[in-house]
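The values are calculated or read from the model by the stated rules, or taken from the named source; none is laboratory data. Because the structure is a prediction, the values reported are computed rather than measured. As a convention, Cβ positions derive from the backbone with ideal geometry for all residues, glycine included, and neighbour counts pool all protein chains shown.
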Amino acid sequence: MTFLFAGHETTSNATSWALYLLAQHPNVQDLLRDELVKAFPDKSKFNPTFEEINSLEYLNCVIKETLRLYAPVTAMRRTNINDKMLGDIFIPKNTVIDIPIATLQRLPSIWGPTVEDFDPTRWLNPSLTENVTNYNYMPFGAGIRSCIGNKLALSEFKILLSWISS
Ligand code: HEM
């Protein structure tokens with residue numbers, strides 16, 4: 001049941017947003033299609049391996065940027081089990097902490113003035129991603145309870161999008 005709920009809605013939601021963004025940005029769609037047609041010239045033989053689908057740089061950027069702007073899981077909740085200092089803030093034991101994934105992924109202080117833009121190439125530009133870490137870009141969560149289906153989801157998402165876009 002967990003796999004059904006955690007694995008179905010999230011990936012279908014991400015794919016829908018990717019298609020919406022591609023429809024809004026035909027230039028991105030063209031660049032993606034160019035990469036796909038080059039990698040898989042004969043669509044009737046489209047059956048990529050894990051390595052092949054993950055070697056596509058622009059596709060990877062489109063996926064990362066979609067998950068940044070429209071994180072399917074918008075927030076996570078944790079309860080700290082011990083008293084803790086976070087910088088100079090004291091967090092007492094048993095405090096419920098919300099981790100706002102979607103907000104972190106749209107903070108101008110991290111992503112700069114183009115934060116609201118759908119710009120897959122930001123992932124190729126170190127000056128636009130220099131402040132990005134696993135703790136402010138985390139569509140699959142972070143730490144030991146992060147998404148167990150991460151790699152499966154990314155492969156599924158990439159294959160679906162490639163099939164539709166090529
Ligand atoms: C784009 C697709 C997906 C996204 C964005 C996503 C995101 C996440 C996030 C953020 C968490 C942590 C939630 C929390 O701790 O409150 C999580 C946990 C989890 N995900 Fe995913 N997920 C995706 C796809 C999948 C798939 C395909 C599966 C399985 C087939 C899956 C199975 C799980 C499971 C079992 C957990 C709980 C792990 C644990 O508590 O140790 N997810 N996911």
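Details
- Residues considered: Arg77, Arg106. Of these, the only one that is basic (Lys, Arg), under 30 Å from Asp34 (Cα atoms) and modelled with pLDDT of 95 or more is Arg106.
- Residue in the stretch 99-112 that is aromatic (Phe, Trp, Tyr), more than 9 Å from the ligand (Cβ to nearest atom), assigned to a helix (DSSP H, G or I) and surrounded by 12 or more Cβ atoms within 10 Å (Cβ to Cβ) present: yes
- The stretch 125-142 residues that are over 16 Å from Ile63 (Cα atoms), paired with ones that are in a helix (DSSP H, G or I) and away from the ligand (no atom under 14 Å from the Cβ) (beta carbon under 6 Å, 6 or more apart): Leu128/Arg122; Asn131/Ile110; Asn136/Ile110
- Residue in the stretch 87-94 that is in contact (Cβ under 8 Å) with a residue 12 or more places away in the chain, under 17 Å from Tyr135 (Cβ atoms) and basic (Lys, Arg) present: no
- Look at (1) closer than 21 Å to Val73 by Cα; (2) surrounded by fewer than 13 Cβ atoms within 10 Å (Cβ to Cβ) and you find that Asp119 fails only one, number (2).
- Yes/no for Arg68 being under 20 Å from Gly7 (Cα atoms) and exposed (fewer than 12 other Cβ atoms within 10 Å of the Cβ): no
- Among the criteria (1) within 11 Å of the ligand (Cβ to nearest atom); (2) more than 21 Å from Asp117 (Cβ to Cβ); (3) not aromatic (Phe, Trp, Tyr), the one Ile63 does not fulfil is (2).
- Counting the residues of the stretch 77-94 that are assigned to a loop (DSSP other than H, G, I, E, B), at negative phi and more than 16 Å from the ligand (Cβ to nearest atom) gives 5.
- Where Phe50 falls short, out of the listed (1) surrounded by fewer than 15 Cβ atoms within 10 Å (Cβ to Cβ); (2) over 24 Å from Phe140 (Cβ atoms): (2)
- Being out of contact with any Asp or Glu (no Cβ under 8 Å at 6 or more places or on another chain), among the β-branched types (Val, Ile, Thr) and farther than 30 Å from Asn131 by Cβ is a property that holds for Thr2.
- Here Phe157, Phe118 are screened, and the one residue that is within 11 Å of the ligand (Cβ to nearest atom), among the aromatic types (Phe, Trp, Tyr) and in contact with a helix residue (DSSP H, G or I) (Cβ under 6 Å, 6 or more places away or on another chain) is Phe157.
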